[in-house]
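Okay, so here's the structure we're looking at.
Taken together, the values in this text are just the output of simple stated rules run on the coordinates, not laboratory data. What you see is a predicted model, and the numbers here were worked out from it, not measured in a lab. Cβ sites come from the backbone with ideal geometry, for glycine too, and all protein chains shown count toward neighbours.
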Amino acid sequence: DGGITQSPKYLFRKEGQNVTLSCEQNLNHDAMYWYRQDPGQGLRLIYYSQIVNDFQKGDIAEGYSVSREKKESFPLTVTSAQKNPTAFYLCASSIGGPRYNEQFFGPGTRLTVL
Amino acid sequence: LAKTTQPISMDSYEGQEVNITCSHNNIATNDYITWYQQFPSQGPRFIIQGYKTKVTNEVASLFIPADRKSSTLSLPRVSLSDTAVYYCLVGDSWGKFQFGAGTQVVVTP
């Protein structure tokens with residue numbers, strides 16, 4: 001059963017702590033993306049990766065870091081430098097080529113900073 | 001990235017056709033127009049994508065005039081389950097988008 005999985009679904013963190021959100025896909029997609037969504041707002045791009053071992057900053061990369069060591073995995077670390085990390089985080093992937101814009105999204109991780 | 005403008009909300013009754021128009025005046029030559037649907041607390045779902053003229057799939061149609069400065073998503077015969085937020089996105093083929101606030105469509109019986 002192909003798709004994108006994100007874990008955990010809910011995550012609580014104390015201020016000053018780093019936390020890593022998992023994103024795995026078994027769709028054999030080349031490209032992967034991380035977005036952040038705040039209540040009532042659209043999605044904002046944090047980082048994206050079009051190929052293994054390469055990634056690019058999106059619109060709001062400050063306070064976040066990623067790695068792309070395997071095609072299937074694109075974990076996102078929310079560092080203590082991110083001033084307002086409470087949000088809904090969504091991971092997506094796309095097959096690439098002429099279909100980069102057809103992105104498949106995971107179920108999301110809701111992060112709350114206490 | 002081209003900025004998009006779409007209505008904040010639209011109401012409809014079951015069985016009607018819903019047309020959502022998106023304005024993207026500064027669309028670039030290489031940009032595609034893509035629409036997504038999102039339900040609360042879920043990730044968006046791809047609906048349709050086009051470059052020019054008309055594109056149709058099993059769930060929607062996308063109309064793009066010759067100047068490509070706007071586009072219209074058409075949802076035929078909506079049902080209650082079509083209540084969602086719909087996003088119009090413009091970006092090149094590398095998938096780097098800017099999501100706006102979207103259009104909240106509410107379908108009532």
Selection from B:87, B:40, B:10 lying farthest towards where the dipole of chain B points positive, charges on Cβ
B:87
Low-density loop positions, chymotrypsin sites (Phe, Trp or Tyr not before Pro), region A:23-114 - DSSP coil, at most 10 other Cβ in 10 Å
none
If B:69, A:9 are placed from fewest to most neighbouring beta carbons inside 10 Å, the sequence is A:9, B:69
According to a simple spin-label model (label point 7 Å from Cα along Cα-to-Cβ), what is the distance in nm between residue B:45 and residue A:30?
2.8
Tabulate in residue order the Karplus-calculated ³J(HN,Hα) for region A:3-12, using 6.51 cos²θ - 1.76 cosθ + 1.60 with θ = phi - 60°, rounded to whole Hz; enter x for Gly and Pro.
x, 10, 10, 10, 9, x, 6, 10, 9, 10
Which of the lysines could a cross-linker span from residue B:52 if the Cα-Cα distance has to be under 17 Å and same-chain partners fewer than 8 positions apart are dropped?
B:69
Among rounded, prolate and oblate, which fits region A:40-102 when a ≥ b ≥ c are the square roots of the eigenvalues of its C-alpha gyration tensor, a/c under 1.5 means rounded, and a/b larger than b/c means prolate?
oblate
So what is the orientation-averaged projected area of the protein assembly as shown, using the convex hull of its C-alpha atoms, in nm²?
12.3
Those GluC sites (Glu not before Pro) in region A:27-114 that DSSP places in a loop and that have at most 11 other beta carbons within 10 Å:
A:62, A:69
Consider all pairwise Cα distances in region A:1-67 and report the whole-number % of them above 14 Å.
67
Show me the ranking of peptides A:73-83, B:6-16 by mean Cβ neighbours inside 10 Å, starting with the highest.
A:73-83, B:6-16
Any idea what diffusion coefficient chain A gets from Stokes-Einstein, in µm²/s, Kirkwood Rh on alpha carbon pairs, 20 °C, 1.002 mPa s?
153
Residue B:72 to residue B:52: extension gain in nm, 0.36 nm per residue of separation minus the Cα-Cα distance?
6.1 nm
With a cut-off of 8 Å between alpha carbons and a minimum separation of six or more residues, what is the relative contact order of region A:23-109 in percent?
31
Once R0 is set to 25 Å, what does the formula 1/(1 + (r/R0)^6) return for the Cβ-Cβ distance between residue A:57 and residue B:79, expressed as a FRET efficiency to the nearest 0.05?
0.05
